[in-house]
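Here the structure comes first, spelled out in structure tokens, and everything after it is commentary.
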Amino acid sequence: MREAGVRCWCGYLSKEVEEGVDALKLPDDERRQCLARIQRYFRDERGEDLGDLAQLLIYEFFAEELAPLFYNRGLDEAARHVEQLLAGIGEDLDAWKQFPPRPKQPRTAPREASEENN
């Protein structure tokens, strides 16, 4: 867990953000699935049988060192998608705008009528 007041690119982490980072940890059943996949990969691809400790150390390395890079990439993609959606909404809203009617030109009396009075 991060210490309160740790700085990140956006400033100090709020308590909610810190709790969100901790919430990204996998539940035990998913962690066990990851450990089994690590074991299977090393057995099938490298011909090595890893012990429990080796599996756990590899898992923790990926979780701590590499997973944040993938997570941040996902956030960047989500932000880009939301920006595209908002741009489209802005265009739709602009199309729905209503403009006030043009001011009416004041009516003028016909020239003939005004000349007769002179």
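The values are calculated or read from the model by the stated rules, or taken from the named source; none is laboratory data. Predicted, not measured: the structure shown is a model, and the values here were computed from it. Backbone-built Cβ (ideal geometry, glycine too); neighbour counts: all protein chains shown.
The residues of the range 43-80 that are more than 22 Å from Arg31 (Cβ to Cβ) and of a type in the set (Asp, Glu), listed by number, are Asp76, Glu77. Could you list all residues from the range 81-90 that are farther than 26 Å from Leu26 by Cβ and of a type outside the set (A, V, I, L, M)? Of everything in the range 81-90, those that are farther than 26 Å from Leu26 by Cβ and of a type outside the set (A, V, I, L, M) turn out to be Glu83, Gln84, Gly88, Gly90.
Residue by residue, here is whether (1) assigned to a helix (DSSP H, G or I); (2) exposed (fewer than 10 other Cβ atoms within 10 Å of the Cβ); (3) at pLDDT 95 or above; (4) not polar (S, T, N, Q) holds:
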| site | (1), (2), (3), (4) |
| --- | --- |
| Glu45 | yes, yes, yes, yes |
| His81 | yes, no, no, yes |
| Gln105 | no, yes, no, no |
| Ala113 | yes, yes, no, yes |
